[in-house]
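Note sheet for the following structure.
The values are calculated or read from the model by the stated rules, or taken from the named source; none is laboratory data. Small disclaimer: the values here were computed from a predicted structure and weren't measured. Note that we place each Cβ from the backbone using ideal geometry, even for glycine, and neighbour counts take in every protein chain shown. Ligands, DNA and RNA are stripped out before the accessible areas are found, and what is left, the full protein with its side chains, is counted by its heavy atoms. Shrake-Rupley method; radii C 1.70, N 1.55, O 1.52, S 1.80 Å.
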Amino acid sequence: MKRALPFTFYFIYFAAAAFLQPYIIVYFDTLGFSGAQIGLLAAIVPLVIIIGATLWTGLADAKMRHRLIMSFTIVVSVLTAFIFPLFKSFAPLIPIVFIYALFAAPIISFADSATMSMLADKKDMYGRVRLGGTIGWGLAAPLAGVIIGTYGIRWAFWGNAVIMVFTLIICQRFIFEQGGEREPMQANIRKMLNDRRWGLFLCLTFLGGFAFTVVNGFLFPYMIDLGMSGFTRGIAITIATISELPVLFFSNYLIHRFKALGLLFIGMTITGLRLILYAVLNFQSGILIFQLINGLTSPLVIVAAVSYANEIAPEGMKATAQGLWGAMMFGFGAAAGGAAAGLLRGGVGGQTMFLVMGIVVLLGVAVIYLLERKQKTRQVQGIS
């Protein structure tokens, strides 16, 4: 039951995401918004995640009201998604996007925190539990396409809202860590950041968000630039999704073998290489082949990050820890990656953009790794 409950949550949560995430920019396109307007609306999300992910999780740890605050964020995000398609003008959509991002941001962090708590001494099984999300997305994505194609783009939002109601029901049975002293949220975060391990960890997760935004946001435009069909792009998604299954299923063995931080460095290194390979092998079969390593990039990094954050978080601050790295990856990192990739693609084209971004990621990983080894050596030698 301790595994089945979060597995089901992830299944439903990502099934709901499959309705909305691929179609929100399409919705803005149907409203006739300019590129600048769409860019502004899209930029709101990662910037607000920085606030939302840390605000609600930190508040929950400080007040010890995790389930209540998680439920509140789900309710508001569901209501906002339901009314979203009622707004068709640019100005009114700005606060709607802001509210949705603010309240949707911490939901997965809360789920990760509860999952790690319920797994107890089996925390290395997180990847298998998180596998529910991959299956949920894979099964719901084609269904979402049929429903939205038949009944209209509004069902991207309504489908998401209806499915998310079930996450509200399931999370009522979540068990959160309740230990530790109750301190103000700001004090909790300062306590964590005084641990030098967190500085390097947050730099690495920033780099992760920087890199994954390039893949998730710019691979399809790159494939279109190369003349690849919609069918080929669909195959690319299928290959990427299937590649996640064995990695997530056997992630407990990988955690045991390489430890969470080691796995994080491995995943980020492969991510950098993947970006470079997209630039070097810029033809259909080359890109499809390297979709096979998708499971060794973002899924591996997320499993490792969740595990490592839980490992180094002080008692009573497990939810804050998940929210903090999530804000760094999906907030700061995603915003920086999107901005850099957009400028490069507009200036030098998609191929050079992937090459440059891949080199930046690999150099960043190398620097952080060397700093981490230096820090560990100083600790062994007893140097503060």
Test for Thr54: is it under 18 Å from the mean Cα position of the chain (by Cα) and over 29 Å from Gly138 (Cβ atoms): yes
Options Phe210, Phe218, Phe249: the member that is closer than 30 Å to Glu311 by Cα, aromatic (Phe, Trp, Tyr) and crowded, with 22+ Cβ neighbours inside 10 Å: Phe210
Qualifying residue in the stretch 265-279 (condition: more than 21 Å from Gly209 (Cβ to Cβ) and either modelled with pLDDT of 90 or more or among the β-branched types (Val, Ile, Thr) (or both)): no
Check on Gly286, surrounded by fewer than 17 Cβ atoms within 10 Å (Cβ to Cβ), touching a Phe, Trp or Tyr at 6+ places or on another chain (Cβ under 9 Å) and not charged (D, E, K, R): yes
Filter result (among the small types (Gly, Ala, Ser) and free of Cβ contacts under 8 Å to residues at least 12 places away in the same chain) within the stretch 1-60: Ala4, Gly32, Ser34, Gly35, Ala36
Some residue of the stretch 327-340 being out of contact with any helix residue (DSSP H, G or I) (no Cβ under 6 Å at 6 or more places or on another chain) and not polar (S, T, N, Q): yes
Residue ranges of helices (runs of 4 or more DSSP H) in the stretch 24-128 with at least 1 members among the acidic types (Asp, Glu) and open to solvent by 60 Å² or more (accessible area, probe 1.4 Å): 24-30
Residue within the stretch 326-345 that is in a helix (DSSP H, G or I), open to solvent by less than 20 Å² (accessible area, probe 1.4 Å), within 18 Å of Leu261 (Cα to Cα) and small (Gly, Ala, Ser) present: yes
